[in-house]
Structure formats: structure tokens, C-alpha cells
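The values are calculated or read from the model by the stated rules, or taken from the named source; none is laboratory data. As the structure is a computational prediction, the values presented were derived from the model and not from experiment. Note: ideal-geometry Cβ built from the backbone for every residue, glycine included; neighbour counts use all protein chains shown. Accessible surface is based on the protein model in full, side chains and every heavy atom, while ligands, DNA and RNA are left aside. Shrake-Rupley method; radii C 1.70, N 1.55, O 1.52, S 1.80 Å.
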Amino acid sequence: MGLLGSIAKKGLSKIGGSKIASGIQDKIQQVKSGIKAVKGAIKGDGDITGLSYRNSLLYDFSSVVRARIYVFKYDSVNTNVPERFSLIDNLPVQINPDKYERSKSSDVDWNEVAKSGNIKSSSEDTMSFTLRFNIVDEYKLLTRDGLYPIPLNLDEVTIISKLYKYKNSQYVVLFKWGPLAYLSNIVKVSCSYDSFSPYGEPLSADVTLELAKFKKYMLADDDDVVDTLGTANWAMIKGTNVAETVSGVVKSASEYSETLPNIARRI
């Protein structure tokens, strides 16, 4: 049984045959076909499930949907617009940002106006935020407070190394959190490490990201994310959101406690 199927079975058994259960089941069925289509077209070595990355703290009992960064390989040559985007990675943040900032500005080239009489303007639409990563408790558990020199690479077990990798014009990223769907390129990654193991391994860090809104055909702004990415890619993204939301709603405190060892087993 797949991820969505197991979630549906657990969730629906808890909330019975109510209309809510029926609605959730319908949503899951709607996204399955899109997910299957995208998985069949996946290329590269990314993880579209996002399960290989830390998306919580060790002693985290909260029922919170994580912000996610979906990564697409962008083919600027392909004339079929939706097929320009190939979903290759799914990066769940470990701790949601406490705030994000978005700004838009435009400049008029007055020299061009003087020469031609035509007003030409360039615009910038950017978003910036800081993500927090922390594996201190996990490290203490695995190494008995540093007694055993078990290596644990913060950059690899979280999404930090991938953020550096995808700061490249050939990749387009979608920052998705609740109703926010910001399609962009990563233009800056800055990481500050602030706690370390006895062996010098970083155990926590703040990563500041700056995103610049993706411009369709690299010429003009495009506000229709679904139209730009294509319905198959969007179905996969919505399916991930539905699955995570459902799992967060139906889990009890005891079920969360049972998931604690899973983090340690991913080493």
C-alpha cells in the first residue's frame, strides 16, 4: 500500500464513515493519477517523496504541516511549456520560518525614454526568509552525548546541501506553504552554523534564502503557477499537501511518540 493509501486507511478508520472521511477519500483518489504520471516521468536523483530529509525535531509532537520547496529542472529550449518543467526533488523544511518577506520594485530607464519616447521598465519580485535546522537532540541520542564518534552530517540529513546545489539557473523552485505558491529561482543561499559536536560537526544552523520570482520565457511575469507548471506537476504537489495534512489531523499523541525512533533509523 502506498503512502496515500496507508494514510487513508489510518485516517478513515479514526473518523468513520462520515462526510469528512468521504471527502478526504475523494481528494486522495483525485491526486493519485497525477502522482502516478509525475513519478513515471521523474528523471534525476532527487527524492520526490521528501522522506529522506529531516522534517521535524526529535522530540516534536506538534501536528504541523511543513513548508516545502519543490525543485524542477527547467528546459528553456522546449517549446511545450508544461513539459519544460520536470519535478526532481521535494525539500521539506525542518522548522517552518517564523516570517518571510516579499517585495516588488520597478525601475524606468529614462535614457531609453529620452531616445525613443517609449517607457520601458524592469521589475523585481523577490522573497527572503530564514530556515532553522537542528539535530542536537538526535546527535545526543545516537552518540550518548558524544561518547561514540558516530558521524552525522547536518547538511546531508537536512536539505541544506540541496539548497546550495539548486542555486542554479537551470532549476526552478516552488516555495509552497499553505496558500502561498511562489515559483522562483534561488538567487542566494547563506548558512550560519552555531552549535557543534565535540568532534567539530555542525549540529544546528540558520539558512537565509533569497528567491526571485520565475519569469515565464524569462521575459515577463507569470502569475498562473498551475498553467506554468502543468496540471500533472500541480497534482503531485497538491497530493503531497493533502497527504501531509490528513496525517497531521488524524495522528494522536501516542502515534507521534511511536514515530520518534524513525529519525534515528534513517542514519
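Contact annotation: residue pairs with Cβ atoms under 6 Å, 6 or more positions apart or on different chains, pairing a residue in the stretch 140-159 that is within 26 Å of N96 (Cα to Cα) with a partner that is assigned to a loop (DSSP other than H, G, I, E, B) and of a type in the set (D, E, K, R), are V157/R54; T158/R54. In the stretch 57-73, of all residues being open to solvent by 30 Å² or more (accessible area, probe 1.4 Å) and either farther than 22 Å from K99 by Cα or of a type in the set (G, A, S) (or both), the one that is modelled with the highest pLDDT corresponds to K73.
Filtering the stretch 74-96 down to residues that are β-branched (V, I, T), open to solvent by 30 Å² or more (accessible area, probe 1.4 Å) and in a loop (DSSP other than H, G, I, E, B), which residue is modelled with the lowest pLDDT?
First, pick out the residues of the stretch 74-96 that are β-branched (V, I, T): 77, 79, 81, 88, 93, 95.
Narrowing further to those that are open to solvent by 30 Å² or more (accessible area, probe 1.4 Å): 77, 79, 95.
Still in the running and in a loop (DSSP other than H, G, I, E, B): 77, 79.
On the way: V77: 79, T79: 66.
My answer is T79.
The residue of the stretch 179-195 that is nearest to the chain's Cα centre (by Cα), among those that are open to solvent by 40 Å² or more (accessible area, probe 1.4 Å) and either farther than 15 Å from V157 by Cβ or modelled with pLDDT under 95 (or both), is P179.
Of all residues in the stretch 177-206, those being farther than 17 Å from P92 by Cβ, small (G, A, S), in contact (Cβ under 8 Å) with a residue 24 or more places away in the chain and in a strand (DSSP E or B) number 3.
Within the stretch 195-215, being more than 30 Å from D125 (Cα to Cα), in contact with a Leu (Cβ under 8 Å, 6 or more places away or on another chain) and among the aromatic types (F, W, Y) holds for one residue alone: F196. Looking only at the stretch 139-175, which residues are at negative phi, open to solvent by 30 Å² or more (accessible area, probe 1.4 Å) and part of a loop (DSSP other than H, G, I, E, B)? Result: L147, Y148, P149, I150, P151, N153, K167, N168, S169, Q170.
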